[in-house]
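Take a look at the structure set out below.
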Amino acid sequence: MSTFARSIRPHVDAELRAADEAEARDDASSAFTHLERAHVLGQAATVEHVRVHWRMLLWGLRRRDVRECLGQVVRLCGAATKTAFGLVPHGNTGGANVSPIAPMPIPPDLDARIREARAAAD
């Protein structure tokens, strides 16, 4: 695991925990928002990127959302094979509701965490 991956993982974990908490409250929308935030944070690290797409797939399965599930299968393959080469659309939120290749603006709080993790990796 790279230094960046080790540095960003606690932030990804925090968003995944927040998603779990939202699920426990039966707040699917908030849960998915936290999964999207985890995706933005972890998309430059292969293990984190794949892990978040796996969680998004599970979210889709729990809701029997065929579109989300199919989208996540495609994204899981892409995350596993392209992340290590830097072929990720930075800021993309990772859900099947957005293009898998469209870069998006990174929220300032997440950008600060990403920059902090990159600095630790230098």
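What to note about this one:
- In summary, G94 fulfils each of the numbered conditions (1) touching a Pro at 6+ places or on another chain (Cβ under 9 Å); (2) farther than 25 Å from E23 by Cβ with the single exception of condition (2).
- Within the range 66-122, tally of residues that are within 19 Å of S30 (Cα to Cα) and in a loop (DSSP other than H, G, I, E, B): 10
- Pairs are defined by a Cβ separation below 6 Å, a sequence spacing of at least 6 or placement on different chains, a first member in the range 88-114 that is on the phi > 0 side of the Ramachandran plot and free of Cβ contacts under 8 Å to residues at least 60 places away in the same chain, and a second member that is surrounded by fewer than 14 Cβ atoms within 10 Å (Cβ to Cβ) and small (G, A, S); no pair meets this definition.
- The range 21-54, subset closer than 21 Å to G71 by Cα and of a type in the set (D, E), residue surrounded by the fewest Cβ atoms within 10 Å (Cβ to Cβ): E23
- Residues that are over 20 Å from D109 (Cβ atoms), part of a helix (DSSP H, G or I) and in contact with a helix residue (DSSP H, G or I) (Cβ under 9 Å, 6 or more places away or on another chain) do not occur anywhere in the range 29-43.
Every number in this text was worked out from the coordinates using simple rules, so none of it is lab data. It should be emphasised that the depicted structure is a prediction, and the values quoted were computed from it without experimental measurement. Note: ideal-geometry Cβ built from the backbone for every residue, glycine included; neighbour counts use all protein chains shown.
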